[in-house]
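None of the figures in this text is laboratory data; all of them are computed from the coordinates on show. Note that the structure is predicted; figures quoted are calculated from it, not measured. In this analysis, Cβ positions are derived from the backbone assuming ideal geometry, glycine residues included, and neighbour counts consider all displayed protein chains.
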Amino acid sequence: MTYFSSISKNWISAYNQKPFKNRLLITIPVLVLILISITIFLTFNETHKGFVINDSLLYALTPIDLSFLTFGLTYSSVFFVIILLLPKPKIALLTLNAYMLLLVFRIITMYILPLEPPVGIIPLKDVILESSFYSGRANLKDLFFSGHTATIFLFFLVSENKWIKLIFIILTIAIASCVLFQHVHYTIDVIFAPVFSWVCYKLAQKLNRY
């Protein structure tokens, strides 16, 4: 049996289980709604008046443009986790549900805690985000909490192999460091990102109990 036929068999088997099927059919339209909502929100958020945090740790760092490194690490991680989860439909759906919750929490937290860009910010060049959620612009107020950091830490949480978990925790630290050195985020943004990832992961686990 080939790799792809094995994946197909696993997904067909999972889909034939009514609880999984129902969860998947609910997830797809909700995901589309959330993606549309966050795109609209981020446009509004750029005009939403916020405040600047006096972040002594951040301002001790000389700004460096690490966009290429951040972009490479982030999307290499996404590609890697897709390969890992394709043969595991239930964990894949759990991860997707947790990510959806992360997006919802980001909308809520950015609205409740509006922030102005850190002093010395070097806009993060992310071709994929700029052509989707950012509507062609470089968003500067996509701040609390760090989506890049939260996403990679979520990959750490859903991974089952201890060596892969180690890789993702190292990547989480690396990406958090990159966005801080580039002054794209405040320290509070990256500190709280794993907390929200953990909360979303636990909520997704409850949602996916069959």
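For segment 69-94, which residues satisfy the criterion of being out of contact with any His (no Cβ under 8 Å at 6 or more places or on another chain) and under 16 Å from residue 148 (Cβ atoms)? 69, 71, 72, 73, 75, 76, 77, 78, 79, 80, 81, listed by residue number.
Condition first: in a helix (DSSP H, G or I), closer than 16 Å to residue 55 by Cβ and out of contact with any Ser or Thr (no Cβ under 6 Å at 6 or more places or on another chain). Now tell me which residues in segment 180-210 satisfy that.
Here is the first cut: in segment 180-210, the residues in a helix (DSSP H, G or I) are 180-181, 187-207.
When the remaining residues are screened for being closer than 16 Å to residue 55 by Cβ, the result is 180-181, 187-193.
Within segment 180-210, 180, 181, 187, 188, 191, 192 meet the criteria.
Taking first residues from segment 196-210 that are surrounded by 14 or more Cβ atoms within 10 Å (Cβ to Cβ) and partners that are assigned to a helix (DSSP H, G or I) and aromatic (Phe, Trp, Tyr), the Cβ contacts under 6 Å between residues at least 6 apart in sequence or on separate chains come to 196/105; 197/153.
Any residue at all in segment 152-165 that's hydroxyl-bearing (Ser, Thr, Tyr) and buried (at least 22 other Cβ atoms within 10 Å of the Cβ)? Spell out how you get there, then give the answer.
Residues of segment 152-165 that are hydroxyl-bearing (Ser, Thr, Tyr), as a first pass: 159.
Okay, now just the ones that are also buried (at least 22 other Cβ atoms within 10 Å of the Cβ), so none.
The answer is no, given that none of the residues of segment 152-165 is hydroxyl-bearing (Ser, Thr, Tyr) and buried (at least 22 other Cβ atoms within 10 Å of the Cβ).
For segment 40-74, how many residues meet the condition of being of a type in the set (Ser, Thr, Tyr) and either assigned to a loop (DSSP other than H, G, I, E, B) or more than 18 Å from residue 123 (Cα to Cα) (or both)? Result for segment 40-74: 3. Name the residues in segment 76-113 that are of a type in the set (Phe, Trp, Tyr) and in contact with a helix residue (DSSP H, G or I) (Cβ under 7 Å, 6 or more places away or on another chain), would you? If the condition is that a residue be of a type in the set (Phe, Trp, Tyr) and in contact with a helix residue (DSSP H, G or I) (Cβ under 7 Å, 6 or more places away or on another chain), then 99, 105 are the ones that fit.
Kindly check whether there is at least one residue in segment 16-23 that is outside any helix (DSSP H, G or I) and exposed (fewer than 11 other Cβ atoms within 10 Å of the Cβ). The answer is yes; a qualifying residue exists.
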